[in-house]
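Shown next, in structure tokens, is the structure this report addresses.
The values are calculated or read from the model by the stated rules, or taken from the named source; none is laboratory data. Given the structure is predicted, the values throughout are model-derived calculations rather than measurements. Note that each Cβ is placed from the backbone with ideal geometry, even for glycine, and that neighbours are counted across all protein chains shown. Protein only, heavy atoms only, side chains kept; ligands, DNA and RNA dropped before computing areas. Shrake-Rupley method; radii C 1.70, N 1.55, O 1.52, S 1.80 Å.
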Amino acid sequence: MSTALPTPPEPASVRDDEAWERLYLERTWAPKKGLIGWLSEVHHTEIGKRYIITAFVFFLLGGVEALLMRWQLSGPEKQLMGPDLYNQVFTMHGSTMMFLFAVPMMEGVGLYLVPLMIGTRNAAFPRLNAFGYWTYLIGGVLLYGGFLLNVGPDAGWFSYVPLAGPQYSPGKRVDIWAQMITFTELAGLAGAVNLIVTVFKHRAPGMSLNRMPLFVWAMLVKSFMVVFAMPAVMVASTCLAMDRLIGTHFFNPAEGGDALLWQHLFWFFGHPEVYIIFIPALGMLSSILAVFTRRQVFGYLPVVLSMVSIGFIGFGLWVHHMFATGLPQLGQSFFTAASLMVALPSGVQIFCWLATLWGGRLWLRLPLYWVLAFFAVFVTGGLSGVMLGTYSVDQQVHDTYFVVAHFHYVLIGGAVFPLFGGLYYWFPKLTGRMLGERLGKWNFWTFFIGFNLTFFPLHHLGMMGMPRRVYTYGVDRGWQSLNLLATAGAVIMAVSITLLLLNIFWSLKRGEVAGNDPWGADTLEWSTTSPPPSYNFLHLPTVRGRYARWTAAEDQPVVTGVRSDRKEVLVTRLLDAAPDHRAELPGPTLWPLWVALATGVMFVMVIFTPWGIVVGGVLLFITLTGWFWPRPPYKEELAPEQPS
């Protein structure tokens, strides 16, 4: 049976080739309507927006949990929460921010922007994209469903054994955490594979590897890190679940297992995850700097090599999280050296960005505010990181609030500040409207002040000996004033996020219409409408320089010969992006949702019974068969004697 589109009737207003092209593209790429259409959507802009919105909701939930913790610690012997609820809340906060907000948010931004930046019409594997989102959503709902039913995890976002083992954590709390990990990491892997193939094979002609935008480079490095890091934690969480469900002996010393094995596996993932969150933010920062300094980023090659170096070195640092476990001194010295070495490529990037600012014509708009604040906050966190990377200092402040202060300066400074800058920068592309400038400045200043009020005092609390993960403390400790100051800062941050939400909702209704390119930007996503149409580009673009729009000729050619009555894209070669062949992408379908639900049934059932593997396996076989069932070819592609 042929699936080719019927010839559309010729409307009176459509007379030229471009209008016909647009009409065909709209008909070919338009999303299906109704609930079924929404559930079966596979286009990268829609999936990317769903990731971004869902991750932002989890960010708000994680923020509420942080406020509850700060309120509990604002004074000695507070009774807002008991120890059991506090353990659940701080575990939920850490797990939410690391697994449900930070990585998925970066994934969503990448999935939305990368195909637009490289000039193609969709990601390489649209259905895998949709499967990844549904899997991520199921994992998040599982975690919060358990929390609402008083089965929230309570062993920390790292779930160290033997605390997380069956002996010290009976019940199903840790099992829910372990399965949430499996869901979210599976989604992360799906997104990473998609981005790698999209970047390597779907770039616009002329966009050779050395002409790719820095944000695309950042997402490529981040995706490779996901591919190598996340299987470690998936294996670890699966082994933990098996220890708890069927009595295997991976981590139980009494049965011949090794508790430190868990820490090795977890931190082999956990430390690279910091860079998985951080590197995309570096790409956002480079994009913003180029536009708001009106010049090319100084040192394109050193910046790219620095990101690649961080990607490699990031896998050699995990043991500095385990300095207190009694490692041999020779090993400690090597991992101390590696921990200090990662500061070198970070320093190279900072130098390149400062040189860009130095030689540029600064256009002081809100995206640049967040970038400038990044330098102050991130460098502070980086310096305390160098301190913690040395064995001797780590021994003194291990598991104190000094560590909490450090990683919040690095993660919020290194990822959230650039992310908010990126939100103000790309909001016009996503919605077609500008965010309000006045509310935006209030949002920025309250967040910057509140952040430093919250986390800078934690350095001092750590050096005064306040340990992490305590739900209260005595009056005689002398920690009250600094904790109260930190809580006041957290309240100001909450006000700031409220202002941001007000700005978003107001701007969606009444914000200034943005047009295609309100910033005069250099990358290809700004050459199409805001928001982009369902087919991204009327004509697939070509590129002749690193800054595609700034270096384009007046008569810059476009790609021709790609069919507009099918979901066709141009596949290009890896190194030079020369045209190779055309490929047709699959359209909307419900199968990714069914496969994600079957995966969910298997993982959730396994929490209670090993038979979940059997039931889930059968469901997966059925749904995967439906997903990959071959479709008949187009009628015109059949030989005359073949039936259609």
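Of all residues in the range 564-583 being part of a loop (DSSP other than H, G, I, E, B) and out of contact with any Asp or Glu (no Cβ under 8 Å at 6 or more places or on another chain), which is least open to solvent (accessible area, probe 1.4 Å)?
So the first thing to find is which residues in the range 564-583 are part of a loop (DSSP other than H, G, I, E, B), and the list is 564-567, 573-578.
So of that shortlist, the ones also out of contact with any Asp or Glu (no Cβ under 8 Å at 6 or more places or on another chain) come out as 565, 574-578.
On the way: Asp565: 36, Leu574: 73, Leu575: 121, Asp576: 77, Ala577: 0, Ala578: 24 Å².
Step by step, filter the range 564-583, then rank; the result is Ala577.
Could you tell me how many of the residues in the range 496-532 are under 22 Å from Ala124 (Cβ atoms), open to solvent by 20 Å² or more (accessible area, probe 1.4 Å) and more than 24 Å from the chain's Cα centre (by Cα)? It would help to see each step written out before you state the result.
Filtering the range 496-532 for residues under 22 Å from Ala124 (Cβ atoms) gives 523-525, 527-528, 531-532.
Okay, now just the ones that are also open to solvent by 20 Å² or more (accessible area, probe 1.4 Å), so 527, 531-532.
Narrowing further to those that are more than 24 Å from the chain's Cα centre (by Cα): 527.
Qualifying residue count, the range 496-532: 1.
What is the residue count in the range 231-283 for residues that are farther than 18 Å from Gly165 by Cα, more than 15 Å from the chain's Cα centre (by Cα) and of a type in the set (A, V, I, L, M)?
Here the count works out to 1.
Taking the residues in the range 590-644 that are open to solvent by less than 60 Å² (accessible area, probe 1.4 Å), at pLDDT below 95 and of a type in the set (Ser, Thr, Tyr) as candidates, determine which candidate is nearest to the chain's Cα centre (by Cα).
Per the criteria, the residue is Thr609.
May I ask you to verify whether Ser286 is open to solvent by less than 10 Å² (accessible area, probe 1.4 Å), more than 30 Å from Tyr369 (Cα to Cα) and either of a type in the set (Ser, Thr, Tyr) or touching a His at 6+ places or on another chain (Cβ under 8 Å) (or both)?
On the way: open to solvent by less than 10 Å² (accessible area, probe 1.4 Å): yes; more than 30 Å from Tyr369 (Cα to Cα): no; either of a type in the set (Ser, Thr, Tyr) or touching a His at 6+ places or on another chain (Cβ under 8 Å) (or both): yes.
Against the criterion (open to solvent by less than 10 Å² (accessible area, probe 1.4 Å), more than 30 Å from Tyr369 (Cα to Cα) and either of a type in the set (Ser, Thr, Tyr) or touching a His at 6+ places or on another chain (Cβ under 8 Å) (or both)), Ser286 does not qualify.
Taking Tyr424 as the residue in question, decide whether it is open to solvent by less than 70 Å² (accessible area, probe 1.4 Å), touching a helix residue (DSSP H, G or I) at 6+ places or on another chain (Cβ under 7 Å) and within 23 Å of Phe215 (Cβ to Cβ).
Yes, satisfied.
Given the condition surrounded by fewer than 13 Cβ atoms within 10 Å (Cβ to Cβ) and not in a helix (DSSP H, G or I), answer yes or no: does some residue in the range 322-330 qualify? Walk me through it before giving the result.
In the first step, residues of the range 322-330 are kept if they are surrounded by fewer than 13 Cβ atoms within 10 Å (Cβ to Cβ); the result is 324-326, 328-330.
Filter again for not in a helix (DSSP H, G or I), leaving 326, 328.
So far as the range 322-330 goes, yes, one or more of its residues are surrounded by fewer than 13 Cβ atoms within 10 Å (Cβ to Cβ) and not in a helix (DSSP H, G or I).
Residue by residue through the range 355-405, note down the ones that are under 14 Å from Leu285 (Cα atoms), in contact (Cβ under 8 Å) with a residue 60 or more places away in the chain, touching a Gly at 6+ places or on another chain (Cβ under 7 Å) and not aliphatic (A, V, I, L, M).
Within the range 355-405, Pro367, Trp370, Phe374 meet the criteria.
Among the residues of the range 496-525, count how many are of a type outside the set (A, V, I, L, M) and either closer than 20 Å to Phe447 by Cα or assigned to a helix (DSSP H, G or I) (or both).
Taking the range 496-525 as the starting set, the residues that turn out to be of a type outside the set (A, V, I, L, M) are 496, 498, 503, 505-507, 509-512, 515-520, 522-523, 525.
After this cut, where a residue has to be either closer than 20 Å to Phe447 by Cα or assigned to a helix (DSSP H, G or I) (or both) as well, the list is 496, 498, 503, 505-507, 509-510, 525.
The total comes to 9.
Look through the range 372-394, keep the residues that are within 17 Å of Ala337 (Cβ to Cβ) and either touching a Phe, Trp or Tyr at 6+ places or on another chain (Cβ under 7 Å) or β-branched (Val, Ile, Thr) (or both), and return whichever of them is least open to solvent (accessible area, probe 1.4 Å).
The residue in question is Asp394.
Count, please, the residues in the range 458-485 that happen to be more than 21 Å from Leu85 (Cα to Cα) and open to solvent by less than 10 Å² (accessible area, probe 1.4 Å).
3
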